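Okay, so here's the structure we're looking at.
The values are calculated or read from the model by the stated rules, or taken from the named source; none is laboratory data. In this text the structure is predicted, and so the values were computed from the model without any measurement. Glycine also receives a Cβ, built like all others from the backbone with ideal geometry; neighbour counts cover every protein chain displayed. We work out accessible area using only protein heavy atoms, side chains counted, and drop any ligands, DNA or RNA first. Shrake-Rupley method; radii C 1.70, N 1.55, O 1.52, S 1.80 Å.
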Amino acid sequence: MFGPRKSLGSVTQHAEGQSLAKTLSWPHLIALGVGAIVGTGIYTLTGVGAERAGPAVILAFAIAGAVCACAALAYAELATLIPAAGSAYTFSYTALGETLAWVVGWSLILEYSLACSTVAVGWSGYLVGWIQAAGVHLPPELLAGPHGGGIINLPAVVVALSVMGMLVAGTRESATLNIILVVVKLVALGVFVAFALPAFNNANLHPFMPYGFGATEVDGAKRGVMAAAAIVFFAFYGFDAVATSAEEAKNPGRDLTIGIVGSMLVCTLIYMAVAVTAVGALPFQQLANSPEPLALVLRSLGQPTAAHLIALAAVIALPSVILVMMYGQSRIFFTMARDGLLPQSLAVVSKRSGAPTRITLVTGVSIAIVAGIFRLDEIAELANAGTLLAFIAVGACLMVLRRRAPEAKRLFRCPQPYLVGSLAILGCIYLLFSLPSATIVRFIIWNLAGLAFYFAYGRQRSALAKG
């Protein structure tokens, strides 16, 4: 009904010249996860979440983290069972069939490309704030796209193309640089908590849920804890990028489990500490929709030097998120091309670096175009829709493969797989329908266009269908 399925035995077998080099160990994978997770979500979307939920943005982070924890456990089992590039797309191809795998892969393309673009726009906001604090003012027409009153967001375009260049240089080199950027990012968040926590004021937490718990329409926009959770959810899903690296892990059974579960635990603790500190130090009305909320908090507390350093750290370290997300996007593209669902000419691996150079160039340019045109909130919401669908599929794949292949060797076994899988599916469905209606409509249009392409091109050229 849903097209042919890959067998567990064949999913890791590839044609000559189409296998990725095994260059990553568990420190690289944890850094990939932390590098992707700790980024725009906490540095910039804290303000967007506060605008939608008030002080209860703290609860929104906790809810989004709980849903992602269920998905992370499912990812850890499936990634060690199926150590091949493609994450949720590859899992779906094995468990659910080619047609559903295409829908998941098409949604992942949306997730990663828009996630990269979101971070690039967020990085641009911090860069502009940092430069203007130093007394330098750039032409506003070059700092925002047409939807933001300008011509193009030039800083966002530049950072996207720069990260693309790093990935073309090689996977291991990019992952090593990412470790350095992650350390800078974590030190900056530690500095923020140290300076802002002493200013914590209980009065700033009242009323805690000014817009209630559920996602409801207020002044033409969805507000409430779940509406905020649906947007700050963006802050957690970087561990999917760890799963896309399965084929490049030296010891996937050990390294993937450590990378996925370890990065989620570390980042959830960091997020809760930073969210509590930010909302407790400043009334949420001042935080709402700020492009640089953490630096804003420190400036408001009379700490301009610390605010300047936080903004500088964001400028230096946020590209690590773009790097990891662009890495994941290129691997999804590569895997779909290798399977014949996209042009197989894109599934070419560089003999020098062992990385898919051609698809990385295509990915980088497309991300730069989106980042140069659209606003941060528009991009993040649509990226979340793609991720939520992928997480729903992963929860289903976990349960289907437990039933279909119970004796398959699982290097990591998810506890209570049917409960965890069901919670991941139900939680993601709730968050999906908590997104703005316009976002859901755009997401449906994106997938209808994708299905049209699949039936017109990919289905006939599928490597599996052709044997």
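Tabulated values for the structure
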| item | result |
| --- | --- |
| Every pair of residues 6+ apart whose Cβ atoms lie under 9 Å, when the first sits in the range 124-152 and is closer than 13 Å to residue 292 by Cα while the second is of a type in the set (Lys, Arg) and surrounded by 13 or more Cβ atoms within 10 Å (Cβ to Cβ) | 133/299 |
| Residue that is surrounded by the most Cβ atoms within 10 Å (Cβ to Cβ) [pool: residues in the range 1-58 that are at pLDDT below 65 and in contact with a helix residue (DSSP H, G or I) (Cβ under 6 Å, 6 or more places away or on another chain)] | 41 |
| Cβ pairs under 8 Å, 6+ apart, first in the range 360-374 and touching a residue at least 60 places away in the same chain (Cβ under 8 Å) and aromatic (Phe, Trp, Tyr), second part of a helix (DSSP H, G or I) and buried (at least 24 other Cβ atoms within 10 Å of the Cβ) | 374/117; 374/121 |
| Test result for residue 78, modelled with pLDDT of 80 or more, assigned to a helix (DSSP H, G or I) and open to solvent by 40 Å² or more (accessible area, probe 1.4 Å) | no |
| Any chance residue 90 is more than 23 Å from the chain's Cα centre (by Cα) and part of a helix (DSSP H, G or I) | no |
| Residue satisfying condition, being crowded, with 22+ Cβ neighbours inside 10 Å, assigned to a helix (DSSP H, G or I) and in contact with a strand residue (DSSP E or B) (Cβ under 7 Å, 6 or more places away or on another chain), within set 128, 157 | 128 |
| Positions within the range 442-452 being open to solvent by less than 80 Å² (accessible area, probe 1.4 Å) and either touching a Phe, Trp or Tyr at 6+ places or on another chain (Cβ under 8 Å) or free of Cβ contacts under 8 Å to residues at least 12 places away in the same chain (or both), in sequence order | 446, 447, 449, 450, 451, 452 |
| Residue satisfying condition, being part of a helix (DSSP H, G or I), out of contact with any Leu (no Cβ under 7 Å at 6 or more places or on another chain) and more than 24 Å from residue 185 (Cβ to Cβ), within set 56, 66 | 56 |
| Residue count for the range 329-355, restricted to those that are surrounded by 24 or more Cβ atoms within 10 Å (Cβ to Cβ) and more than 21 Å from residue 454 (Cβ to Cβ) | 1 |
| Any hit, the range 372-388, residues being more than 21 Å from the chain's Cα centre (by Cα) and not in a helix (DSSP H, G or I) | no |
| Test set (1) buried (at least 24 other Cβ atoms within 10 Å of the Cβ); (2) of a type in the set (Gly, Ala, Ser); (3) at positive phi - residue 302 fails condition number | (1) |
| Hits in the range 272-294 (condition: in a helix (DSSP H, G or I), open to solvent by less than 30 Å² (accessible area, probe 1.4 Å) and modelled with pLDDT of 80 or more) | 274, 275, 277, 278, 279, 280, 281, 284, 293, 294 |
